[in-house]
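To start, the structure under review is shown below, and the notes come after it.
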Amino acid sequence: MSFIDSILDKAKGKCEAAEVFHIKSENTSCAWSSDKLKLVGAKETSGAALRVIKDGKVGFFATNKTDDTDFIVNTALELAPYGSEFAGELPSEYKSAGGDYFDEKTASLGTEKMIADGNKMIAAVKEKRSDALFEAKISRSTMESTIANSYGARASYRKTSFGGHLFGSVTREGDVLGIYEYDQSSHINGQIDRWASELGRKLVDAEKIVSLKSGNYKTILMPKVCEILGPIRSALNARAVLKDLSPFADKVGEKIFDERITLFDDGLNTETPGGQPVDDEGVTAQKTTLIENGVLKVFINDLHSASKLGVEPTGNGMRGGLSATPRAGYTTLTLAPGTKTLSELIAEIDHGVIIDQVMGAHQASPFSGDFSVNVDCGFVIEDGKIVGRFKDGMLSGNVFKMFSDQLLDTGSEQRYMGFYMAPVVFDGLTVSTG
Amino acid sequence: MAETVTTGSDLQERMQDAIKAGADAQEIEIRIEDNENTTIAYLKDDLESLDRGVNAGGCVRALVDGSWGFTSFNSLHNLQDRVHDAIKMAKAVGPGKAVIPDQAPIQDSVSVDLKNDPRDIPVSETIKLIESYNRIMSESEGIVTTSSSYRHFHYKRYFMNKSGTYIEQEKMRATVVLLAMALDANGMRHDAFDYAYSLEDYDIVFGHDNLAKDVARRAVEIANAPKIKGGSYTVIVDPRLSGTFIHEAFGHLSEADFVYENPDWQNILTMGRKLGQDFLNVTDGGTIPSEGGTMNYDDEGTPTRVTKLITDGVLTGRLHSRETAKALGEEVTGNARAVSYRFPPIVRMTNTSIEPGPHKLEDMFKDVEYGIYAVGAHGGQTALEAFTFGAAEGFEIVNGEIGKRLRNVSISGNLFSTLENIDMVSDDRMYESVGGCGKGEQAPLPVGTGGPHIRIQNCIVGGES
């Protein structure tokens, strides 16, 4: 009997429902520092998590010691009387949304090719700024997931992912510069060339330091700065609604953002690494519009929170690994793009800033929307052109206010760094330079 | 499908056998880890989660021809094949310049003196206790929602290398975190939090009724406090925050892995460089007892010690792995750490602290006409010479007295100018070990941070003007 069948069989009759989540993944990566290849590494991961529902409560145990199935089942059953409530119902069959999240070329990419591509990338960007030192990482993975429950539903699927980063630094007494490029995808899609060309351009733009007075500026936020949008992610989650954490709890149907803002979660996106045919509870993946033309539609949910709120499941029961019970999480949170390229957005600004990198986003209060972050890499725009980099600034504002009252424009070039978005332009964000 | 992990009695023998497969490597390291954890979390009125897990696996790192290969896995069968894999990967890198110093072989087994072992406590008891703290907060005036959580982890690591070292090390931590949220005038949520932790005793979970009341009171006060105005201030940083400050502002730059191949940084961070006033002393040490970064050996088998990073205002040391120490001709310090068996060790801090100084706390406030008192840590981050950190709570200082609360106190700065601007250091000190440190992909690594009160002149504080 297979591991999964054996677990489900042993749990039978001892609880209302049981669900096994099993993952197996492998990853290879190459890492460079000080311009040189430093490390080649490989990882193999396997493990399983069992969730039992007994008297309406959850018993949960995760482990990668999967030889002792009695111990796994008994531990979950022992914990269930004390566990959290489960109001949903596990699906009795799994229906895949049909997308293909597995890319053969990414799966079979060898280390020799990764090493050659990485060396080429560093050589290309070094040509633009020979005084810089580079660090990089290129990484590819495949993952095989199975979710099965005691109602007989079972789904297995494979995914790939490809990503990494390129970081360039220039060290001088009194001025240390560091800029990175980074993004993640389900497959190879030109990242390496893109990182080299974008970082090269930024390092050249950064050569000149210009002074900037404290004040309110037209501000282009680059996708890398999506970390500061955390409060929006939190506010659109059904778990936050249930727990009185969301400022939008009673605002469904109301206009909460500028009418040009449409936000959706896209489990069907096969370009980004977050998509999968079913979520981690076996609910079919879908595209869910959360905010349409500024109007709040729904919150992402898992089976428990959907049932509590009396709404349809959205397919967002995510685990973020093995070790925690599923709860509402994003597959690919997406800000609908606009039509202008970054150069066009810059050309329209007479006096403003580009915020390319910030530090300290996680210091902000996760629900109020207020933030105050260090500008780790920022550029000054004069008369539609980048004139140089400014230093030692802090950017402050409130993300909810930005999306309701301060939006100027949205760009077209989307990147995925946890939030699938293009550059966004806001009016009057505060930059303090001391 | 079923994969087996065994950390049984024959483990040492099997590691020994596997290492023999690395005859042509300069070094082979095998690390096996067995980690178990339990999390109990209340959110608002109900239990949100009760999660228990076991995370066990291993890794091999090989140094061949001056280059490293690394492999990690969950199945501990065929450790010899894993050694071959790591060697193959090191060879794929091609010849490199990594050299490591000889290590005198060590055989040791380090266990924690557990006073009350959290693994022996029925989960029902802990749940009852956490629920009671949660209720105290949620029944307090003005509180909209609460979060109360308990977590413990216990791990054992088994380390063996080709140099002949075999070490077993145990570690435990139990932590309680209480958080309450209140609404401001615009309906936005603001939180206050506090915590307690121990590295050897479950009993730390008891007796926090007053802490729960205090967290609720602080949340309401913070929600009603005005936002701080951005600008340059004299800031007095409390001991709970000064440790985070020195970790972010200076600690990361003392990690030798980013200077050892960067001559520009070596020119800037030369030993003997004056960085602060004579009373500024900074240390890092895995041998400081009972904190997050405490351990007898690092993940390369090097014994830990206290390293003096800044002595009397002058740069006197940095943190090393075997490779960086050899490259810079300095001594190993026991700072090669890995967050788990999933990663190779890299240079990390252990317990980093500003040492107590000569000043009395009351004298530090006395001549401040208008300034900020920043209390408790809300995270921090660093990028090369720039750093930022958030205070959990902030107050104005007016004519030497602590005045009204301000919210969103977040400080940014340049390492060199900020260290120079520390003009007073108090004679008290406190260590903290709640935060986890992130570097590259490796987070959260348990670290300790410590410090006294410090006063910083001309400190940039973010905020709308």
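Here are some notes:
- Conditions (1) in contact with a helix residue (DSSP H, G or I) (Cβ under 7 Å, 6 or more places away or on another chain); (2) not assigned by TED's automatic domain parsing to the domain that holds B:Ser124: number failed by B:Val215: (2)
- Here B:Pro289 meets each of (1) within 23 Å of B:Phe343 (Cβ to Cβ); (2) under 22 Å from the mean Cα position of the chain (by Cα) with one exception, condition (1).
- For the range A:57-95, residues that are within 32 Å of the chain's Cα centre (by Cα) and assigned to a loop (DSSP other than H, G, I, E, B) total 15.
- Evaluation of B:Val235 against (1) without any contact (Cβ under 8 Å) to a residue 40 or more places away in the chain; (2) assigned to a strand (DSSP E or B) (one fails), failing number: (1)
- Answer residue from the range B:56-75, given it is touching a residue at least 60 places away in the same chain (Cβ under 8 Å) and either more than 10 Å from chain A (Cβ to nearest Cβ) or closer than 15 Å to B:Asn161 by Cα (or both) and is surrounded by the most Cβ atoms within 10 Å (Cβ to Cβ) among those: B:Arg61
- Condition check for B:Thr311: β-branched (Val, Ile, Thr) and at pLDDT below 95: no
- Selection within the range A:117-132: residues that are within 13 Å of chain B (Cβ to nearest Cβ) and within 28 Å of the chain's Cα centre (by Cα). The member of this set that is surrounded by the most Cβ atoms within 10 Å (Cβ to Cβ) is A:Gly118.
- Residue identified as under 20 Å from the mean Cα position of the chain (by Cα), under 30 Å from B:Val215 (Cβ atoms) and within 12 Å of chain A (Cβ to nearest Cβ) among B:Ala386, B:Ala377: B:Ala377
- Any hit, the range B:34-54, residues being within 27 Å of A:Lys36 (Cα to Cα) and crowded, with 23+ Cβ neighbours inside 10 Å: no
- Qualifying position, being out of contact with any Phe, Trp or Tyr (no Cβ under 6 Å at 6 or more places or on another chain), modelled with pLDDT under 95 and of a type in the set (S, T, N, Q), among A:Ser343, A:Ser432, A:Ser412: A:Ser432
- Evaluation of A:Leu290 against (1) in a strand (DSSP E or B); (2) under 30 Å from B:Gly230 (Cβ atoms) (one fails), failing number: (2)
So that you can scan it fast, the table gives a plain yes or no per residue for (1) in contact with a Leu (Cβ under 7 Å, 6 or more places away or on another chain); (2) facing chain B (nearest Cβ under 10 Å); (3) surrounded by fewer than 17 Cβ atoms within 10 Å (Cβ to Cβ):
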residue	(1), (2), (3)
A:Leu8	no, no, no
A:Lys12	no, no, yes
A:Asn27	no, yes, no
A:Gly41	no, yes, no
A:Thr66	no, yes, no
A:Thr69	no, yes, no
A:Asn74	no, no, yes
A:Glu93	no, no, yes
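- Selection of the range A:221-238 for residues being away from chain B (no Cβ under 14 Å) and surrounded by 22 or more Cβ atoms within 10 Å (Cβ to Cβ) yields A:Leu221, A:Met222, A:Pro223, A:Cys226, A:Leu229, A:Leu236.
- Checking each residue in the range B:76-97 for being facing chain A (nearest Cβ under 8 Å), out of contact with any Lys or Arg (no Cβ under 8 Å at 6 or more places or on another chain), of a type outside the set (A, V, I, L, M) and crowded, with 17+ Cβ neighbours inside 10 Å picks out only B:Asp85.
- The range A:360-385, subset in contact with a strand residue (DSSP E or B) (Cβ under 9 Å, 6 or more places away or on another chain) and on the phi > 0 side of the Ramachandran plot, residue nearest to the other protein chains (Cβ to nearest Cβ): A:Gly360
- Whichever residue in the range B:419-431 is farther than 19 Å from B:Asn458 by Cα, surrounded by fewer than 19 Cβ atoms within 10 Å (Cβ to Cβ) and not basic (Lys, Arg) and, among such residues, is modelled with the highest pLDDT: B:Asp427
- Failed criterion for B:Thr307 (all others in (1) closer than 26 Å to B:Val215 by Cβ; (2) in a strand (DSSP E or B) hold): (1)
- Any chance A:Glu312 is farther than 20 Å from A:Gly88 by Cα, surrounded by fewer than 24 Cβ atoms within 10 Å (Cβ to Cβ) and of a type in the set (Asp, Glu): no
- Any chance A:Ser46 is more than 7 Å from chain B (Cβ to nearest Cβ) and either closer than 30 Å to A:Leu268 by Cβ or in a loop (DSSP other than H, G, I, E, B) (or both): no
- Failed criterion for B:Asp45 (all others in (1) of a type in the set (Asp, Glu); (2) within 30 Å of the chain's Cα centre (by Cα); (3) within 13 Å of chain A (Cβ to nearest Cβ) hold): (2)
- B:Arg173 meets all of the listed conditions (1) charged (D, E, K, R); (2) touching a helix residue (DSSP H, G or I) at 6+ places or on another chain (Cβ under 8 Å); (3) surrounded by 15 or more Cβ atoms within 10 Å (Cβ to Cβ); (4) more than 14 Å from chain A (Cβ to nearest Cβ) but one, namely (2).
- Residues that are buried (at least 21 other Cβ atoms within 10 Å of the Cβ), part of a loop (DSSP other than H, G, I, E, B) and among the basic types (Lys, Arg), drawn from the range A:239-255: A:Lys243
- Top-ranked residue in the range B:419-465 [being part of a strand (DSSP E or B) and small (Gly, Ala, Ser); ranked as farthest from the other protein chains (Cβ to nearest Cβ)]: B:Ser426
- Residue tally, condition crowded, with 19+ Cβ neighbours inside 10 Å and either touching a Phe, Trp or Tyr at 6+ places or on another chain (Cβ under 8 Å) or basic (Lys, Arg) (or both), over the range A:368-390: 9
- Among the candidates A:Gly338, A:Gly384, the residue that is more than 28 Å from the chain's Cα centre (by Cα) and at pLDDT 95 or above is uniquely A:Gly384.
- Which listed residue is in contact with a helix residue (DSSP H, G or I) (Cβ under 9 Å, 6 or more places away or on another chain), surrounded by fewer than 20 Cβ atoms within 10 Å (Cβ to Cβ), in contact (Cβ under 8 Å) with a residue 40 or more places away in the chain and not assigned by TED's automatic domain parsing to the domain that holds A:Ala347, from A:Asp258, A:Asp193: A:Asp193
- Looking across A:Met394, A:Met402, one residue alone is farther than 24 Å from B:Lys439 by Cβ and buried (at least 23 other Cβ atoms within 10 Å of the Cβ). It is A:Met402.
- Criterion violated by B:Phe416 - all others in (1) part of a strand (DSSP E or B); (2) surrounded by fewer than 24 Cβ atoms within 10 Å (Cβ to Cβ); (3) within 14 Å of chain A (Cβ to nearest Cβ) satisfied: (1)
The values are calculated or read from the model by the stated rules, or taken from the named source; none is laboratory data. Here the structure is a predicted model, which means the values were calculated and not measured. Quick reminder, even Gly has a Cβ in these numbers, built from the backbone with ideal geometry, and neighbours come from all protein chains shown.
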